[in-house]
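Chemist: Sharing a structure below in structure tokens format, with a few things to ask.
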Amino acid sequence: MRVLGIESSCDETGVALYDSASGALVHALHSQVDLHRAYGGVVPELASRDHVQRLLPLIDEVLRRAGSERGAIDAVAVTAGPGLAGALLVGCGVAAALGYALGLPVVPVHHLEGHLLSPLLADPAPRFPFVSLLVSGGHTQFLEVREAGRYSLLGETLDDAAGEAFDKTAQMLGLGYPGGPEVSRLAASGVPGAVRLPRPMIDSGTLELSFSGLKTAVLTAVRRSDPASAQARADIARAFVDAVVAVLTAKAVQALARTGLSQLVVAGGVGANVQLRAGLEAAIGARGGRVYYPPAQLCTDNGAMIAYAGYVRLARLGTAAATSAAYPLRVRPRWDLCRLDEAGAA
Ligand code: KG4
Ligand code: ZN
């Protein structure tokens, strides 16, 4: 089965063609980072307009590179939520039109299910069941994944997502957008322990997290520091990264202990963070567990994870995974991952 995947929920236009028989995956991506940089964050209207311009050429590019024609597609998978409503509508509109014109099933995919299943495209891949840590710009949550489609929430952030805290910290330190990679780079030259920041909820005994207090503590540290000192900024970045890594690592260990599982699957943009990876691998490896990630180029938003998640839904649910009406396709800016099947496809 060849599934065309379309992602347009935020600031990346992603398209991919996944062939389930051969496992072949061709994907193409356009990142809007340059477009939004001047504003220090994603501007929803600009994002939607850019998706409109990029999507059809990207589909043509993917089909050309895969040596396929539109007629060779068996199903279209598209991110239907959560995300920016206008941006989602662009992908869903194109998917619905393709489905209608070519007589294909259109599978609405939950963006986080895409992230969650993307490590299955890596080698080595985890096996069900596992614990998943989703850490992106919009989400920070631990989920127990018994099998595809069966997700239960173990705990999540009560306020900001980890990625959001990275991006705000970058702003406060005068770094560029997106902030995660920049803070991570600066932290590498910081002295551990030179600045002390809180590690929110690390001893709460629950799998809930909180990052807004840490953000405020960074602001206080920046105000107290010498604005001319590059080392002072690096030390703050280091303290921030160490705090985030300590909290996420402690909770990940707890999540595995509580579920009795040994595999942790990390997905979402912050999962690309080298310090976080090192912290998780050390702590979980020491307890006989193992950490898995998506292939490097699939850590941030992309169409490949959507094509794959769409395929998994079709394989599991058959035509019930597809929308019953070709158009309109409902977008779900807010959508609970743990109630996917209940919600129905349409
Ligand atoms: O999953 P993603 O691409 O988009 C969604 O939010 O859905 O995640 C983007 C987030 C941003 O907050 C970005 O700063 C963060 O992931 N990020 C990182 C790194 N690379 C991306 N944070 C820390 N370290 C990184 N290397
Ligand atoms: Zn994402």
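Chemist: The conditions are (1) more than 16 Å from ligand 2 (Cβ to nearest atom); (2) surrounded by 15 or more Cβ atoms within 10 Å (Cβ to Cβ); (3) not polar (S, T, N, Q), and residue 194 fails exactly one of them. Which is it?
Modeler: Result: residue 194 passes all but (2).
Chemist: Show the residue pairs that are 6+ apart or on different chains and have beta-carbon atoms under 7 Å apart, the first residue being within the range 129-155 and polar (S, T, N, Q), the second being more than 12 Å from ligand 1 (Cβ to nearest atom) and at pLDDT below 95.
Modeler: 152/338
Chemist: Are there any pairs, at least 6 apart or on different chains, whose C-beta atoms fall under 8 Å, with the first in the range 200-213 and assigned by TED's automatic domain parsing to the domain that holds residue 157 and the second among the aromatic types (Phe, Trp, Tyr), and if so, which?
Modeler: Going by the 8 Å Cβ cut-off, the qualifying pairs are 200/211; 207/142.
Chemist: Sticking with this one: Kindly indicate the residue of the range 254-280 that is over 25 Å from residue 185 (Cα atoms) and in a helix (DSSP H, G or I) and also farthest from ligand 2 (Cβ to nearest atom) among those meeting that condition.
Modeler: Applying the filter and picking the extreme gives 257.
Chemist: In addition: Is one or more of the residues making up the range 65-74 within 16 Å of ligand 1 (Cβ to nearest atom), in contact with an Asp or Glu (Cβ under 9 Å, 6 or more places away or on another chain) and at negative phi?
Modeler: No; the residues of the range 65-74 include none that is within 16 Å of ligand 1 (Cβ to nearest atom), in contact with an Asp or Glu (Cβ under 9 Å, 6 or more places away or on another chain) and at negative phi.
Chemist: Something else: So which residues in the range 192-228 are assigned to a loop (DSSP other than H, G, I, E, B) and of a type in the set (Val, Ile, Thr), if there are any at all?
Modeler: Of everything in the range 192-228, those that are assigned to a loop (DSSP other than H, G, I, E, B) and of a type in the set (Val, Ile, Thr) turn out to be 195, 202, 206.
Chemist: Another question about this same structure. Residue check, residue 301 against (1) closer than 30 Å to residue 58 by Cα; (2) modelled with pLDDT of 95 or more; (3) acidic (Asp, Glu), all met but one. Which one?
Modeler: It fails just one condition, (2).
Chemist: Does the range 140-161 include one or more residues that are of a type in the set (A, V, I, L, M), under 18 Å from residue 246 (Cα atoms) and either away from ligand 2 (no atom under 15 Å from the Cβ) or crowded, with 20+ Cβ neighbours inside 10 Å (or both)?
Modeler: The answer is yes, given that some residue of the range 140-161 is of a type in the set (A, V, I, L, M), under 18 Å from residue 246 (Cα atoms) and either away from ligand 2 (no atom under 15 Å from the Cβ) or crowded, with 20+ Cβ neighbours inside 10 Å (or both).
Chemist: Being under 25 Å from residue 85 (Cα atoms) and in a strand (DSSP E or B) is true for just one of 134, 117. Which residue is that?
Modeler: 134
Chemist: Across the range 108-125, what is the total count of residues that are away from ligand 2 (no atom under 16 Å from the Cβ) and in contact with a Leu (Cβ under 6 Å, 6 or more places away or on another chain)?
Modeler: 0
Chemist: Identify all residues within the range 282-296 that are at pLDDT 95 or above, in a helix (DSSP H, G or I) and either surrounded by fewer than 16 Cβ atoms within 10 Å (Cβ to Cβ) or within 14 Å of ligand 1 (Cβ to nearest atom) (or both); write none if there are none.
Modeler: Answer for the range 282-296, where residues must be at pLDDT 95 or above, in a helix (DSSP H, G or I) and either surrounded by fewer than 16 Cβ atoms within 10 Å (Cβ to Cβ) or within 14 Å of ligand 1 (Cβ to nearest atom) (or both): 282, 285, 286.
Chemist: Quick check on the range 231-245. Is at least one of its residues away from ligand 2 (no atom under 16 Å from the Cβ), in contact (Cβ under 8 Å) with a residue 12 or more places away in the chain and of a type in the set (S, T, N, Q)?
Modeler: Within the range 231-245, one or more residues are away from ligand 2 (no atom under 16 Å from the Cβ), in contact (Cβ under 8 Å) with a residue 12 or more places away in the chain and of a type in the set (S, T, N, Q).
Chemist: Given the options 291, 266, 245, name the one that is under 23 Å from residue 118 (Cα atoms) and touching a Phe, Trp or Tyr at 6+ places or on another chain (Cβ under 8 Å).
Modeler: When all the criteria are applied, what remains is 266.
Chemist: Sort through 52, 90, 76, 94 and tell me the only one that's part of a strand (DSSP E or B) and of a type outside the set (S, T, N, Q).
Modeler: 76
The values are calculated or read from the model by the stated rules, or taken from the named source; none is laboratory data. Everything quoted here is computed from the prediction, not taken from an experiment. Note: ideal-geometry Cβ built from the backbone for every residue, glycine included; neighbour counts use all protein chains shown.
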